[in-house]
2 protein chains.
Amino acid sequence: MSKPTLFTCPSPALLHLYDVSSSIVVIIDVLRATSTIATALHNGAIEIIPVDSVPDCIRIGKELDCITAGERDGKIAEGLQYGNSPFEYPTEFIAGKTLVLTTTNGTKLLHMAHSRGAKEIITGSFPNITSVCNYLLSKNINVILGCAAWKDKVNIEDTLFAGAVINRLKENFTLECDYSQMAESLYLTAKDDLYGFMKERNATHYHRLTNYGLEKDIRYCLTNDGAPSLPVYVDGKLVNKI
Amino acid sequence: MSKPTLFTCPSPALLHLYDVSSSIVVIIDVLRATSTIATALHNGAIEIIPVDSVPDCIRIGKELDCITAGERDGKIAEGLQYGNSPFEYPTEFIAGKTLVLTTTNGTKLLHMAHSRGAKEIITGSFPNITSVCNYLLSKNINVILGCAAWKDKVNIEDTLFAGAVINRLKENFTLECDYSQMAESLYLTAKDDLYGFMKERNATHYHRLTNYGLEKDIRYCLTNDGAPSLPVYVDGKLVNKI
């Protein structure tokens, strides 16, 4: 029996090149959207509603009387309550609550995958990498690893995560995808010290977050399995299927 | 004085993210368009006219009474005379002649860069890497390394070439570009045996050309400085500025 395929899409602007309708799409926005989503769900959030814009976030937050969060340029966006850091969502704060979250790149890609008819959408990050890999193995259907990138420009951290997943799953999938091969090679180069690699390579987003004093966030977001949840997108909401 | 910038664009579908109007754009289509262009010009071709389509190639070939070349799916396209292999253009054949060449990915990117107002356009490949690097150093203006990719999907070989150029030039440019960093890292992993890396990584285009029996072409196209020309795009034609 032939294996299902695995492709890595480097940027939302290339998503049209891949057949999402037959695939589980894994939304990857390592710094920090999908790391924070994994964390909030692991810590007991009932659901997370990802929205594109700050006004939508405010509106839905009012309608549902729930927590609103999102940043623009490294600061909590005006009119919202919380930011994008995973450390803002410990169990004692988030358990049992609904979070409306606006992020730029990850949300955009998620909505694109949805509107293009993705068979299923989940989110992935180092804090929940093992849960994601186990789930993909159990489903045994085609996979697209979708990097959220930064304003459509390919980034290092999302590619490293794709490479880490490929490194674990490659025997179980058909890989006819140069970007997947490059991602795994890059991951193998970087894997002993992902943080050091990001620093050495002066990754643009590493640089941006470091300027905001967020080294601790970066280290957490590059560490495996700190928040072993499985965020699945169902009816406009991300819920934990573990 | 601040250094000029260098960016790497992974795919024609992402070219709009980069400011070509202030930059030299290096068109990279390693297998095999830009390797063949470098070779034909080095071997004395007067000029190469890159065109998008087979019908255009035939028409211009008749108008100018010159050589027409191009492949589709690994075979010489119907109505054209020659293929895309650099070995078809030795000095005794091509010196003093004009070549009208149609390729899918490289030509598309070149015309996109031109229509977006690129300051200057040259083509790059391993057979003319040193000429390209020397030229970029001498100009001291912003550079965009443009990978032709394969039907807009990112490929390994064009990225490796970008990485090789970056490895030589990085001290002379400002690199705020994750894809450039990834390309250089990939190149450093692969550089001792580019052919072996392509094979090991089962690069899709390596696979395609190997199926056509073109290992010799691949090896040549991954070897430095076999054809030290400098193809510059002027008035719709590529001419050798060395």
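Key figures for this structure:
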read-out: For A:Gly196, inter-copy label distances in nm, listed shortest first [label point 7 Å out on the Cα-Cβ vector]; value: 2.5
read-out: Neighbourhood net charge (13 Å Cβ-Cβ; Lys/Arg +1, Asp/Glu -1) for A:Val232; value: +1
read-out: Label 7 Å beyond Cα on the Cβ vector: A:His114 copy-to-copy distances, nm; value: 4.4
read-out: Set of lysines with alpha-carbon distance to A:Lys97 below 21 Å, sequence-local pairs under 8 removed; value: A:Lys62, A:Lys237, A:Lys241
read-out: The stretch A:164-221-the stretch A:16-86 distance, computed between alpha-carbon centres (Å); value: 21
read-out: 16 Å Cα-Cα reach of B:Lys170 towards aspartates and glutamates, excluding residues that sit fewer than 8 places from it in its own chain; value: A:Glu200, B:Asp178, B:Glu184
read-out: Average other protein chain Cβ within 10 Å of Cβ, residues A:182-189; value: 5
read-out: Rel. contact order, % - alpha carbon contacts under 8 angstrom, at least six apart, the stretch B:1-147; value: 46
read-out: Radius 15 Å from Cβ of A:Asn105, net charge of other residues (Lys, Arg +1; Asp, Glu -1); value: -2
read-out: Surrounding net charge for B:Ile122, when Lys and Arg each add one and Asp and Glu each subtract one, Cβ distance under 10 Å; value: +1
read-out: Share antiparallel - DSSP beta bridges, chain A, percent rounded to 5; value: 25
read-out: Cβ neighbours within 10 Å from other chains - mean over B:9-15; value: 4
read-out: Interchain or long-range residues, amide H under 5 Å from B:Trp150's placed H; value: B:Asn155
read-out: In Hz, Karplus ³J(HN,Hα) per residue of the stretch B:152-167 (6.51, -1.76, 1.60; θ = phi - 60°; x = Gly, Pro); value: 6, 7, 4, 10, 6, 5, 5, 5, 4, 5, 4, x, 5, 5, 4, 4
read-out: Reachable aspartates and glutamates, given that their alpha-carbon falls under 12 Å from the alpha-carbon of A:Lys139 and they are not under 8 places away in the same chain; value: A:Glu120
read-out: Per-residue HN-Hα couplings for the stretch B:181-189 [Karplus 6.51, -1.76, 1.60; θ = phi - 60°; Hz; x = Gly/Pro]; value: 5, 5, 4, 5, 4, 4, 4, 4, 5
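Since every read-out is calculated from the coordinates, none of them should be taken as a lab result. As the structure is a computational prediction, the values presented were derived from the model and not from experiment. Cβ: placed from backbone, ideal geometry, glycine included. Neighbour counts: every protein chain shown.
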